[in-house]
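Engineer: Here it is, the structure in full.
The values are calculated or read from the model by the stated rules, or taken from the named source; none is laboratory data. Values in this document were obtained by computation on a predicted structure and should not be read as measured data. Every residue, glycine as well, gets a Cβ built from its backbone with ideal geometry; the counts of neighbours run over all protein chains shown. These accessible areas exclude ligands, DNA and RNA; they are computed on the full protein's heavy atoms, side chains included. Shrake-Rupley method; radii C 1.70, N 1.55, O 1.52, S 1.80 Å.
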Amino acid sequence: MGFPRINLRGVGFVKEWHVEDAGGGCRAFSEVLVLVCEESREIFATALPLTWDDGFSLEEKACNQLTGLMEKAGVQKNDRLVVCSGNIFNTFQHWLTESGYTWDIGKMDGLAHDLAEYFFHTQAVQAGFPPELQLVERNYREYYSLIEKWIGADPGLQVFWKDRKVRRKPAETRYILKCNGGHSRSCQQCRQKIRPYSPVVVYRYRENGHRIRRYFHPACTPVTPLKSTLETFVANWNASRFEGVILNARDEKRTCLICGQVVGPGDRTFYGYIDDQLIVGHPACFKEEKDAVRGA
Ligand SMILES: [Zn+2]
Ligand SMILES: [Zn+2]
């Protein structure tokens, strides 16, 4: 049990913080996030970057920046938070619950809302957007389309577009279709073996600072990956055709089934199966079929 908190605010004075965003619906300029205490007029604001490459989703990025604001603002565990319902706050709301904060979903109005809109507008004006073209009666579509048309018309302003790829739903961007290497994996869905040198869907995420990987058969993945590095190859051999994959060989000292030469480390190498027998060789030594199908 802790002692009652005693600080400059006095005992038992609980602040109410409003968390709002603006600009998420516009294809240009950064989303603005604000943390505001109306009573004390404390205002904290941050803008997401236009793009990033650290693997975070939009919701995670927003959460990280908001927890930073909360630290700056000195938000206390017994303060109350009122958070806008937007999807951008999904991870943040989850984090608040996990961390034991008291919070509610708020409606979009009040000082926090006006400030978020104002900061978003200011970004555009600083880039040269006519200040008199403002949001009128919450007609966001009209306002955002004015900004987008203005950006679209000037090649010098293209740097202000949001990177939509990094803002896509996290699930899809975290699954990747690729080729399993020399290790067999266990499928997270059916619990069966995923054999070496066969197509696999890898799901990567972070939990408590650890990078975690889960593996699925392509037929078992719950989410269709947006990205693929899988290269398939249909080999013709002994009057039969079989599909396999192309990978750069490691130092495996395997020999090509056709020419008998060793496949060296780094060599593009074909791996396929006839029944359960692994077949290895130089792609050039097998006759490739032109109608090779991607995926498996
Ligand atoms: Zn499976
Ligand atoms: Zn060969």
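Engineer: Does S186 satisfy the criteria of being more than 30 Å from G128 (Cα to Cα), out of contact with any helix residue (DSSP H, G or I) (no Cβ under 9 Å at 6 or more places or on another chain), open to solvent by less than 70 Å² (accessible area, probe 1.4 Å) and away from ligand 1 (no atom under 16 Å from the Cβ)? Spell out the reasoning first.
Structural biologist: Numbers: more than 30 Å from G128 (Cα to Cα): yes; out of contact with any helix residue (DSSP H, G or I) (no Cβ under 9 Å at 6 or more places or on another chain): yes; open to solvent by less than 70 Å² (accessible area, probe 1.4 Å): yes; away from ligand 1 (no atom under 16 Å from the Cβ): no.
Against the criterion (more than 30 Å from G128 (Cα to Cα), out of contact with any helix residue (DSSP H, G or I) (no Cβ under 9 Å at 6 or more places or on another chain), open to solvent by less than 70 Å² (accessible area, probe 1.4 Å) and away from ligand 1 (no atom under 16 Å from the Cβ)), S186 does not qualify.
Engineer: Further question on the same structure: If a residue has to be over 24 Å from K227 (Cβ atoms), in contact with a strand residue (DSSP E or B) (Cβ under 7 Å, 6 or more places away or on another chain) and open to solvent by less than 40 Å² (accessible area, probe 1.4 Å) to count, how many in the stretch 149-172 make the cut? Spell out the reasoning first.
Structural biologist: Applying the first criterion (over 24 Å from K227 (Cβ atoms)) to the stretch 149-172 yields 149-160.
Filter once more, keeping what is in contact with a strand residue (DSSP E or B) (Cβ under 7 Å, 6 or more places away or on another chain): 151, 160.
Of the ones still in play, those that are also open to solvent by less than 40 Å² (accessible area, probe 1.4 Å) are 151.
The qualifying residues number 1.
Engineer: Given the stretch 35-123, what strands (runs of 3 or more DSSP E) lie entirely inside it while holding 2 or more residues that are over 30 Å from L157 (Cβ atoms)?
Structural biologist: On the way: elements: 42-47, 80-84, 102-106.
Ranges flagged: 80-84, 102-106.
Engineer: Kindly evaluate Y175 against the criterion of being buried (at least 18 other Cβ atoms within 10 Å of the Cβ) and of a type in the set (F, W, Y). Write out each step before concluding.
Structural biologist: Numbers: buried (at least 18 other Cβ atoms within 10 Å of the Cβ): yes; of a type in the set (F, W, Y): yes.
Criteria met by Y175.
Engineer: Would you mention how many residues in the stretch 45-55 are among the hydrophobic types (A, V, I, L, M, F, W, C) and open to solvent by 40 Å² or more (accessible area, probe 1.4 Å)? Full working, then the answer.
Structural biologist: Looking only at the stretch 45-55, we keep the residues that are among the hydrophobic types (A, V, I, L, M, F, W, C), and these are 45, 47-48, 50, 52.
Next, only the ones that are open to solvent by 40 Å² or more (accessible area, probe 1.4 Å) stay: 45, 47, 50.
Number of matching residues: 3.
Engineer: Another question, then. Hey, among the residues in the stretch 213-261 that are without any contact (Cβ under 8 Å) to a residue 24 or more places away in the chain and within 19 Å of E172 (Cβ to Cβ), which one's least open to solvent (accessible area, probe 1.4 Å)?
Structural biologist: Going through the qualifying residues, I end up with A219.
Engineer: Could you tell me which of the residues G74, G106, G68, G100 is out of contact with any Asp or Glu (no Cβ under 6 Å at 6 or more places or on another chain), open to solvent by less than 20 Å² (accessible area, probe 1.4 Å), within 19 Å of K15 (Cα to Cα) and among the small types (G, A, S)? Explain how you work it out, then say what you get.
Structural biologist: On the way: G74 fails: open to solvent by less than 20 Å² (accessible area, probe 1.4 Å); G68 fails: open to solvent by less than 20 Å² (accessible area, probe 1.4 Å); G100 fails: open to solvent by less than 20 Å² (accessible area, probe 1.4 Å).
One residue alone meets the criteria, G106.
Engineer: Next question. Looking at F129 and the list (1) open to solvent by 30 Å² or more (accessible area, probe 1.4 Å); (2) of a type outside the set (G, A, S); (3) farther than 19 Å from V36 by Cα, which single condition is not satisfied?
Structural biologist: (1)
Engineer: Now a separate question. Among the residues of the stretch 211-219, is any under 30 Å from V234 (Cα atoms), hydroxyl-bearing (S, T, Y), in contact with a strand residue (DSSP E or B) (Cβ under 6 Å, 6 or more places away or on another chain) and not assigned by TED's automatic domain parsing to the domain that holds F89? Please lay out each step first, then the result.
Structural biologist: Here is the first cut: in the stretch 211-219, the ones under 30 Å from V234 (Cα atoms) are 213-219.
Next cut, hydroxyl-bearing (S, T, Y) only: 215.
In the following step, the residues that additionally are in contact with a strand residue (DSSP E or B) (Cβ under 6 Å, 6 or more places away or on another chain) were identified as 215.
Those left that are additionally not assigned by TED's automatic domain parsing to the domain that holds F89: 215.
Looking for residues that are under 30 Å from V234 (Cα atoms), hydroxyl-bearing (S, T, Y), in contact with a strand residue (DSSP E or B) (Cβ under 6 Å, 6 or more places away or on another chain) and not assigned by TED's automatic domain parsing to the domain that holds F89, one finds at least one in the stretch 211-219, hence yes.
Engineer: Going through the stretch 22-43 one residue at a time, which ones are farther than 13 Å from R167 by Cα, in contact with a helix residue (DSSP H, G or I) (Cβ under 9 Å, 6 or more places away or on another chain) and surrounded by fewer than 20 Cβ atoms within 10 Å (Cβ to Cβ)?
Structural biologist: C37, E38, R41, E42, I43
Engineer: Restricting the stretch 189-212 to residues that are within 15 Å of ligand 1 (Cβ to nearest atom) and open to solvent by 30 Å² or more (accessible area, probe 1.4 Å), which is nearest to G55 (Cα to Cα)?
Structural biologist: Among residues in the stretch 189-212 that are within 15 Å of ligand 1 (Cβ to nearest atom) and open to solvent by 30 Å² or more (accessible area, probe 1.4 Å), the one nearest to G55 (Cα to Cα) is Y203.
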